[in-house]
Amino acid sequence: MTSALLRARPAMVSDAAAMAEIYNEGIVDRIATFETGPRAAADIAAWFDGSRPMVVVTDHAGQVAGYAATFAYADRCCYAGIAEFSVYVRRSHRGQGVGVIAMQALIEAATAAGYWKLLSRVFVENQASLALMAKVGFREVGIHEKHGKLDGRWRDVVAVERILSENLT
């Protein structure tokens, strides 16, 4: 599958079931999130509050192949222009450019929405995600050691960030 067959668009509540399926694959894989319990479509639908950008990537058949979503970074007003994000790709579509398309669309949507920075944390072992982040212009800020436990084992994460506007003064 080539990227010409993939399309990014804003996510809709009707995508919640597909997004939950994809997220649940990430939970099972134990390399992308500290979460351990599966999510239902209703859990994902709760993300749609109209205030933060979310995008999906669809394949040639219209199936949701991946998504990227933003979340509040902090409650303090001085951080209103910063968003945390997650990006997940359906197992059957990994390695086909879905993540790049999702992140490029999310960066564009976040910039248009007035955000000045995106940030996330990636498990140190998740080389595919770290390569994706580098490819779309994120820098590695450092490692948060023992950031959380997953299956009883402490895990480290790499903090990544990207400034969205060069006109910050």
Q) Tally time: how many residues in region 74-88 are modelled with pLDDT of 95 or more, farther than 21 Å from Ala131 by Cβ and surrounded by fewer than 23 Cβ atoms within 10 Å (Cβ to Cβ)? A) 1
Q) All but one of (1) under 23 Å from Gly37 (Cα atoms); (2) in contact with a helix residue (DSSP H, G or I) (Cβ under 9 Å, 6 or more places away or on another chain); (3) small (Gly, Ala, Ser) hold for Gly137; which doesn't? A) (1)
Q) When you go through Thr70, Thr58 one by one, which is the residue that is surrounded by 12 or more Cβ atoms within 10 Å (Cβ to Cβ), of a type in the set (S, T, N, Q), more than 30 Å from Trp154 (Cα to Cα) and under 17 Å from the mean Cα position of the chain (by Cα)? A) Thr58
Q. Can you find even one residue in region 108-115 that is assigned to a strand (DSSP E or B) and more than 30 Å from Leu5 (Cβ to Cβ)?
A. no
(Q) Is it the case, given these coordinates, that Arg30 is among the basic types (Lys, Arg), closer than 17 Å to Leu130 by Cα, touching a residue at least 40 places away in the same chain (Cβ under 8 Å) and in contact with a Ser or Thr (Cβ under 9 Å, 6 or more places away or on another chain)? (A) yes
Q.
Just the residues that are at negative phi, out of contact with any Asp or Glu (no Cβ under 6 Å at 6 or more places or on another chain), open to solvent by 80 Å² or more (accessible area, probe 1.4 Å) and assigned to a strand (DSSP E or B), please, taken from region 127-146.
A. Arg139, Glu140
Q.
Among the listed residues Arg7, Arg52, identify the single one that is within 30 Å of Asp156 (Cβ to Cβ) and open to solvent by 50 Å² or more (accessible area, probe 1.4 Å).
A. Arg52
Q: Considering each of Ala109, Ala65 in turn, give the residue that is in contact with a Lys or Arg (Cβ under 7 Å, 6 or more places away or on another chain) and either aliphatic (A, V, I, L, M) or open to solvent by 70 Å² or more (accessible area, probe 1.4 Å) (or both).
A: Ala65
Q.
Looking at region 112-126, can you tell me whether even one residue there is farther than 25 Å from Cys77 by Cβ and open to solvent by 20 Å² or more (accessible area, probe 1.4 Å)?
A. yes
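The values are calculated or read from the model by the stated rules, or taken from the named source; none is laboratory data. Bear in mind the structure is a predicted one, so any value in this text is a computation, not a measurement. Cβ coordinates were reconstructed from backbone atoms using ideal geometry, including for glycine residues, and neighbour counts include every protein chain displayed. Please note that ligands, DNA and RNA were not included when accessible areas were found on the heavy atoms of the full protein model with its side chains. Shrake-Rupley method; radii C 1.70, N 1.55, O 1.52, S 1.80 Å.
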